[in-house]
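S.K.: One structure coming up, written as structure tokens, with questions to follow.
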Amino acid sequence: MNTALSSVAVLGGGAAGFFAAIACAEANPALTVLLLEKTGKLLSKVRVSGGGRCNVTHACETPAQLVAHYPRGGKQLKSAFQEFGVRDTIAWFARRGVQLKTEADGRMFPTTDSSETIARALEDAARIAGVRILLNTQVDEIQPLAEGGFQLHLSGSGAPAARSLQVRSVLVATGGQPKSGQYDWLRPLGHSLAEPVPSLFTFNVPDSPLRELMGVSVPLARVVLAGEKLQYEGPVLVTHWGLSGPAVLKLSAWGARRLHELSYTGTALISWVPQHSDETLRTWLQQYRQENARKTIAVNPLFGLPQRLWRTLVAEAGIGEELRWSDLPAKAQNRLLELLLRTPLGVRGKTTYKEEFVTCGGIQLADVDLKTMQSRKVPGLYFAGEVLDVDGITGGFNFQAAWTTGFLAGRAMARDNG
């Protein structure tokens, strides 16, 4: 394999790596584009995303709307999203026979509801563009050469017998890593690293009064971390281990670093009636009591709350099964109001969301030219995807960052090696 004069290497067989390799090969067919994946599987996260449906992107009309969904890196990527944004992603897949649909919450999926549709489109595009894929090939070291280009030191069962490759340029798209030590192979290149911590996770609540309500969901609740400026509204799901749902996941993303500092312990306060304040809820309930004095409290849920959740809150307030509104003591009413507005749940740890993981941290954006994704420290070295210190909330935003940075990096690498 003669790689010294005509090839570039993309490290990582995930969303960003594939998109970059395809963009590079299509823009400069004269180049040999090598995609190196350390495992035997390609596009693993694409295949498990969205419960196996692949949440490709999110229906944001403008870059300004898009950047509001990234706890880290969004503002810096605004110009990148102008170059390649949601509409470009939709068009890219449409040109390859994949139509996307928009769900009520803005998430976009393939109309087939199968992540394999997306994986096949990427694999087919790479094959047609002539991308050469090496599985089970790990890059242990990237060594810049004095005369330009790079020597890649390799290991793994798929690596060439020489255990090294010389290439013109290298694009690192190896994803986010949960442990700082997993970035050690990149540290000799001199980039600043934002230490990685988990993002997008659910809350463990081992002593939850809701533990018997597994599967109960509320379409709109507010989750507040007591004593912190962290809160988010959205759907909440009660699980057998604690709390999940978009509101919890998004709170975990915005508060990733602070929650790490707190060792994932604290008190989550859940408002089941986020449309109300203390004053408006008390006024509303007083009026309701007057008009429904003879109704039994426990069997007549308010605010559209699920029956099981309502009965649990009523029981926690010390209200008996047969008690009517007309007979409700003031103390019990105050307790019920407090639980509706601020049910306290002791958070003691976290759980990875399904089979996905997202990290906050990575190569700091100040070290990268965000128009081309090229390193400001090492010419010919590029970065794309979650290896960068960029992460979005749940809803397709991390994939959009992967498509955008991968496309810009691949195109720039093709141009710079033209």
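The values are calculated or read from the model by the stated rules, or taken from the named source; none is laboratory data. In this text the structure is predicted, and so the values were computed from the model without any measurement. In this analysis, Cβ positions are derived from the backbone assuming ideal geometry, glycine residues included, and neighbour counts consider all displayed protein chains.
S.K.: Which of the residues belonging to region 47-97 are touching a residue at least 60 places away in the same chain (Cβ under 8 Å), in a loop (DSSP other than H, G, I, E, B) and on the phi > 0 side of the Ramachandran plot?
M.R.: Matches in region 47-97: 54, 73.
S.K.: I would also like to ask the following. Have a look at 389, 367 and point out the one that is at pLDDT 95 or above, surrounded by 18 or more Cβ atoms within 10 Å (Cβ to Cβ), within 30 Å of residue 267 (Cα to Cα) and among the charged types (D, E, K, R).
M.R.: 389
S.K.: Among the residues of region 185-221, which ones are closer than 19 Å to residue 366 by Cα and among the acidic types (Asp, Glu)?
M.R.: The one that is closer than 19 Å to residue 366 by Cα and among the acidic types (Asp, Glu): 195.
S.K.: Something else about it: Could you tell me which numbered condition residue 357 fails, if it satisfies all but one of (1) modelled with pLDDT of 95 or more; (2) under 29 Å from residue 55 (Cα atoms); (3) of a type in the set (A, V, I, L, M, F, W, C)?
M.R.: Unmet for residue 357, out of (1) modelled with pLDDT of 95 or more; (2) under 29 Å from residue 55 (Cα atoms); (3) of a type in the set (A, V, I, L, M, F, W, C): (1).
S.K.: Could you tell me how many of the residues in region 155-170 are under 13 Å from residue 36 (Cα atoms) and either out of contact with any strand residue (DSSP E or B) (no Cβ under 8 Å at 6 or more places or on another chain) or β-branched (Val, Ile, Thr) (or both)?
M.R.: Number of matching residues: 3.
S.K.: Of the residues 281, 302, only one is surrounded by 14 or more Cβ atoms within 10 Å (Cβ to Cβ), within 39 Å of the chain's Cα centre (by Cα) and assigned to a loop (DSSP other than H, G, I, E, B); which?
M.R.: Residue meeting the stated conditions: 302.
S.K.: Out of region 56-103, which residues are more than 20 Å from residue 384 (Cα to Cα) and among the basic types (Lys, Arg)?
M.R.: 95, 96, 101
S.K.: So residue 33 passes all but one of these: (1) without any contact (Cβ under 8 Å) to a residue 12 or more places away in the chain; (2) under 30 Å from residue 164 (Cα atoms). Which condition number does it fail?
M.R.: (1)
S.K.: Within the set of pairs 6 or more residues apart or between chains, which connect a residue that is at positive phi inside region 361-372 to a residue that is hydroxyl-bearing (Ser, Thr, Tyr) with Cβ atoms less than 9 Å apart?
M.R.: 361/180; 361/183; 361/199; 362/183
S.K.: So which residues in region 127-163 are among the hydrophobic types (A, V, I, L, M, F, W, C) and either touching a Lys or Arg at 6+ places or on another chain (Cβ under 7 Å) or closer than 14 Å to residue 40 by Cβ (or both)?
M.R.: 133, 134, 135, 154, 159
S.K.: Check 117, 112 and return the single one that is outside any helix (DSSP H, G or I), more than 28 Å from residue 362 (Cα to Cα) and either touching a Lys or Arg at 6+ places or on another chain (Cβ under 9 Å) or not basic (Lys, Arg) (or both).
M.R.: Going through 117, 112 in turn, just one is outside any helix (DSSP H, G or I), more than 28 Å from residue 362 (Cα to Cα) and either touching a Lys or Arg at 6+ places or on another chain (Cβ under 9 Å) or not basic (Lys, Arg) (or both): 112.
S.K.: Restricting to region 392-418, what's the tally of residues that are in a loop (DSSP other than H, G, I, E, B) and either surrounded by fewer than 24 Cβ atoms within 10 Å (Cβ to Cβ) or in contact with a helix residue (DSSP H, G or I) (Cβ under 7 Å, 6 or more places away or on another chain) (or both)?
M.R.: Total meeting the criteria: 6.
S.K.: Looking at region 176-220 only, could you name the residues that are closer than 30 Å to residue 342 by Cα and hydrophobic (A, V, I, L, M, F, W, C)?
M.R.: So the first thing to find is which residues in region 176-220 are closer than 30 Å to residue 342 by Cα, and the list is 197-220.
Passing the criteria: 197, 200, 201, 203, 205, 210, 213, 214, 216, 218, 220.
S.K.: Any idea how many residues of region 205-224 are surrounded by 17 or more Cβ atoms within 10 Å (Cβ to Cβ) and touching a Leu at 6+ places or on another chain (Cβ under 7 Å)? Before you say what the answer is, go through the steps one by one.
M.R.: Here is the first cut: in region 205-224, the residues surrounded by 17 or more Cβ atoms within 10 Å (Cβ to Cβ) are 205, 208, 210, 213, 216, 218, 221-224.
Narrowing the set further to residues that are touching a Leu at 6+ places or on another chain (Cβ under 7 Å) leaves 205, 208, 213, 216, 218, 223-224.
The total comes to 7.
S.K.: Considering only residues of region 15-30 that are surrounded by fewer than 24 Cβ atoms within 10 Å (Cβ to Cβ) and in contact with a Lys or Arg (Cβ under 8 Å, 6 or more places away or on another chain), which is nearest to residue 125 (Cα to Cα)?
M.R.: Among them, the one singled out is 27.
S.K.: Additional query: Just a yes or no: is a residue in region 191-212 without any contact (Cβ under 8 Å) to a residue 40 or more places away in the chain, over 22 Å from residue 359 (Cβ atoms) and not hydroxyl-bearing (Ser, Thr, Tyr)?
M.R.: Checked against the condition, which is being without any contact (Cβ under 8 Å) to a residue 40 or more places away in the chain, over 22 Å from residue 359 (Cβ atoms) and not hydroxyl-bearing (Ser, Thr, Tyr), region 191-212 yields at least one hit.
S.K.: Which one is farthest from residue 236 (Cα to Cα), of the residues in region 394-418 that are of a type outside the set (Gly, Ala, Ser) and over 21 Å from the mean Cα position of the chain (by Cα)?
M.R.: This residue is 417.
S.K.: If we keep just the residues of region 159-184 that are part of a loop (DSSP other than H, G, I, E, B) and free of Cβ contacts under 8 Å to residues at least 60 places away in the same chain, which is nearest to residue 362 (Cα to Cα)?
M.R.: Here the residue is 179.
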